1. Within the range 280-297, which residues are farther than 28 Å from residue 43 by Cβ and either in a strand (DSSP E or B) or of a type in the set (Gly, Ala, Ser) (or both)?
2. Take residue 211 and decide whether it is of a type outside the set (Gly, Ala, Ser) and within 25 Å of residue 354 (Cβ to Cβ).
3. What tally of residues in the range 311-352 results from selecting those that are part of a loop (DSSP other than H, G, I, E, B) and more than 25 Å from residue 193 (Cα to Cα)?
4. Residue pairs, Cβ under 6 Å, 6 or more apart or interchain, first in the range 60-87 and over 14 Å from residue 46 (Cβ atoms), second part of a strand (DSSP E or B) and basic (Lys, Arg). List them.
5. What tally of residues in the range 63-86 results from selecting those that are farther than 26 Å from residue 215 by Cα and either touching a Phe, Trp or Tyr at 6+ places or on another chain (Cβ under 6 Å) or among the small types (Gly, Ala, Ser) (or both)?
6. Going by the conditions given, is residue 193 in contact with a Ser or Thr (Cβ under 6 Å, 6 or more places away or on another chain) and farther than 22 Å from residue 100 by Cα?
7. If a residue must be within 20 Å of residue 318 (Cα to Cα) and part of a strand (DSSP E or B), how many such residues does the range 203-262 contain?
8. Identify the residue in the range 180-198 that is buried (at least 18 other Cβ atoms within 10 Å of the Cβ) and over 12 Å from the mean Cα position of the chain (by Cα) and, among all such residues, is nearest to residue 217 (Cα to Cα).
Amino acid sequence: MIKKLVLGSAILLVTNAFAQDELHFKGNIKGIPNDAQVWLSVGKEQKEMEVKDGKFDVRLPLEGPESVFLYLKQDNEFKHAVFYLGNEEVWIEGSVEDFPSNLQAQNSKHDALRYQEYLLTKDLQAQMDELEDEAYELIEGGADKDSLYEVYMGIPSGKVTKVRQQLKVKEFDFIREHINTDYGRFLLKFNTTDFTTAQFKTLVEEVDPVYKSTKEIQFIQALVDYPTLQQGDQFYDFKALDNNQQQVNFKSFFDGRYVLLDFSTWFCGYCHRAAPLTAEMAEQLEDKLNYVTYYVDNDEDSLALYFGLKENKGTLLWNKEGEFNSTLAKYRQTGTPHYVLFDPKGKVVEVFEGIKDDFPEQIKKYIQG
C-alpha cells in the first residue's frame with residue numbers, strides 16, 4: 001500500500017509539472033498572405049502572430065476558458081474567426097474561406113462545444129440574416145417602415161420573430177444539456193433577455209452542486225430571484241463602489257428627487273456620444289434629478305477614462321465583479337447605454353435601451369410633467 005501511494009504521488013507531481021499553463025495555438029490556414037497582419041485578441045490583450053505559408057505557432061496564457069479572436073488584415077480588408085479556448089494545445093486547419101465561424105480548434109474540448117453550437121444554429125442564423133437584409137432593401141426602396149416592422153418583427157408572427165423564436169429554443173436546449181461545462185455557462189450572459197424566469201429556474205436546477213457558486217450560475221440565480229422590472233415597480237437595491245472607492249447603497253440616492261440610473265462603459269461608441277450630453281442634462285436638472293452612472297466593466301483604467309468624458313462630474317458606481325455582478329442581472333442589463341428613470345418614491349417611470357438626440361427632452365418631460 002505504501003509503495004502504491006508513493007508511486008501515485010510521483011505520478012501526480014509529474015502531471016502537475018507538465019500541466020498546460022498557456023494556450024498553444026498553432027496550425028495551417030491556407031490563403032493567408034505572408035505580408036498580412038495577423039493577431040490574436042483575448043479580452044483587452046492582443047498578440048501579433050508571424051504567419052509563413054499559412055503556418056503559425058504562438059503561445060498565450062489565459063485566465064481560463066474564454067473567447068479567443070483571430071484577426072487577419074490585408075489591404076484594409078479585415079477577417080476574423082472566433083474560438084472558445086482554455087490553456088491547452090490546439091491545432092487549426094482550414095482556409096481563409098472558413099472565416100468567421102467554420103474553423104474549429106482541434107484537440108480542444110472547449111471549442112468542440114462552440115463548433116457544435118455553431119452547426120446547430122447556423123441555418124437559422126442564416127435565415128435571420130437573409131430576412132433582415134431583405135427588410136433593409138425594402139426600406140431603401142421606399143417601403144413604409146412601420147408596416148415592414150410589423151411584417152418582419154411583429155409579435156408573434158413576424159418573419160424574423162418566428163425564426164428568432166426557433167433559435168431561442170435551440171439555444172435553451174443546448175445550454176440545458178451543457179450547463180455543467182464552461183462553454184454552456186459562458187453562453188448564459190448572451191441570453192439574459194431571451195429566456196423566461198421559469199427557464200432560468202430550470203437551468204439552475206440542472207446545475208451540479210460543484211458549479212452552484214460559479215459567477216455565471218450566481219448571475220442567473222439573480223435572474224430567477226428578481227423578476228424584470230416594469231413601470232410602477234419598486235427599484236432593486238444594490239451595493240457598489242463610488243468615485244472614492246467607498247461602498248454605497250443605491251437606495252441612498254433617493255433623497256426626494258427623481259433618479260436616473262445609467263449603465264455605460266468606455267468600450268461603447270454610443271456611450272462616448274452620450275456621456276457629455278447626459279452630464280450637461282444632469283447639471284441643468286440637478287434640483288430635480290439625481291443622476292447615477294453604473295460602470296458595467298471592472299477595468300479601473302477605462303473607468304477613469306470614461307469619467308473624464310463626463311468631465312469628472314456626477315456620481316459613478318462600479319463593482320469589481322464586472323459583467324457578472326448581480327446588479328446587472330437585476331436590471332436585465334444587456335447593452336449600453338441603458339437607462340432606468342425612477343420617481344422620487346423609487347418607482348420605475350421608464351426604461352430606455354440606447355439613446356436618441358432628444359433624450360434630455362424626454363427626461364425633462366417626465367420630470368416636469
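1. So in the range 280-297, the residues farther than 28 Å from residue 43 by Cβ come out as 280-291.
Within the range 280-297, 282, 289, 290, 291 meet the criteria.
2. For residue 211, the condition - of a type outside the set (Gly, Ala, Ser) and within 25 Å of residue 354 (Cβ to Cβ) - is not met.
3. 6
4. none
5. 4
6. Working: in contact with a Ser or Thr (Cβ under 6 Å, 6 or more places away or on another chain): yes; farther than 22 Å from residue 100 by Cα: yes.
It is true that residue 193 is in contact with a Ser or Thr (Cβ under 6 Å, 6 or more places away or on another chain) and farther than 22 Å from residue 100 by Cα.
7. Adding up the residues that qualify gives 10.
8. Only one residue tops the list, namely 185.
The values are calculated or read from the model by the stated rules, or taken from the named source; none is laboratory data. Only a predicted model underlies this, so the values are computations on that prediction, with no experimental measurement involved. Cβ coordinates were reconstructed from backbone atoms using ideal geometry, including for glycine residues, and neighbour counts include every protein chain displayed.
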